[in-house]
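Here is the structure we will look at.
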Amino acid sequence: QVQLVESVGGLVQAVGSLRLSCTASGSIFSINAMGWYRQVPGKQHELVSSISSGGSTISSDSVQGRFTISRDNAKNTVYLQMNSLKPEDTAVYYCRLETPRGYIYWGRGTQVTVSS
């Protein structure tokens with residue numbers, strides 16, 4: 001089994017910054033992609049950013065130029081640096097891991113609240 005432990009989010013003022021981290025542990029033999037999704041009440045999960053084992057990244061248009069995803073393969077950890085935060089970034093952020101065989105694991109989520 002794989003466990004994903006996310007860092008605590010928090011409350012931040014608009015235009016501020018916050019960094020999230022997510023560390024995978026357990027029966028990890030190899031990891032394909034790691035990434036972040038977010039969800040607000042009444043809406044579907046939304047991809048924020050994802051990074052492959054080779055370092056290729058994809059991000060939603062809404063965070064392009066503001067959020068940066070990175071990973072430390074040796075530590076099985078993915079980071080999300082969030083800059084120029086906006087109130088609409090308020091959500092529960094979930095870490096996601098995909099193995100080469102296609103198994104998907106999720107973290108429990110961490111709340112990020114951006115005040116105006």
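Ranking Ser60, Ser30 by solvent-accessible area of protein heavy atoms (1.4 Å probe, all protein chains present), from largest to smallest, gives Ser30, Ser60.
For the chain, a Kirkwood hydrodynamic radius built from all Cα pairs, placed in the Stokes-Einstein relation at 25 °C and 0.890 mPa s, yields a translational diffusion coefficient of 174 µm²/s.
Ranked by accessible surface with a 1.4 Å probe, highest first, in what order do Ile104, Ile58, Ile69, Ile28 come? Don't skip to the answer; put the middle values down first.
On the way: Ile104 70, Ile58 100, Ile69 15, Ile28 40 Å².
Final ranking, largest accessible area leading: Ile58, Ile104, Ile28, Ile69.
Listed values for the range 89-95 are Karplus-derived 3J(HN,Hα) couplings in whole Hz (6.51 cos²θ - 1.76 cosθ + 1.60, θ = phi - 60°), namely 7, 4, 5, 8, 9, 10, 7, and x replaces Gly and Pro. Placing a label point 7 Å from the Cα of Ser25 along the Cα-to-Cβ line, the residues of the range 68-82 whose backbone N sits under 13 Å from it are 76-77. Taken one residue at a time, the phi angles of the range 56-63 give Karplus couplings (6.51, -1.76, 1.60, θ = phi - 60°) of 6, 10, 9, 9, 6, 4, 5, 10 Hz. Gly and Pro are set to x.
The values are calculated or read from the model by the stated rules, or taken from the named source; none is laboratory data. For clarity, every value in this text was computed on a predicted model and none was experimentally measured. In this analysis, Cβ positions are derived from the backbone assuming ideal geometry, glycine residues included, and neighbour counts consider all displayed protein chains. In case anyone asks, the SASA skips ligands and DNA or RNA and just uses the protein heavy atoms, side chains included. Shrake-Rupley method; radii C 1.70, N 1.55, O 1.52, S 1.80 Å.
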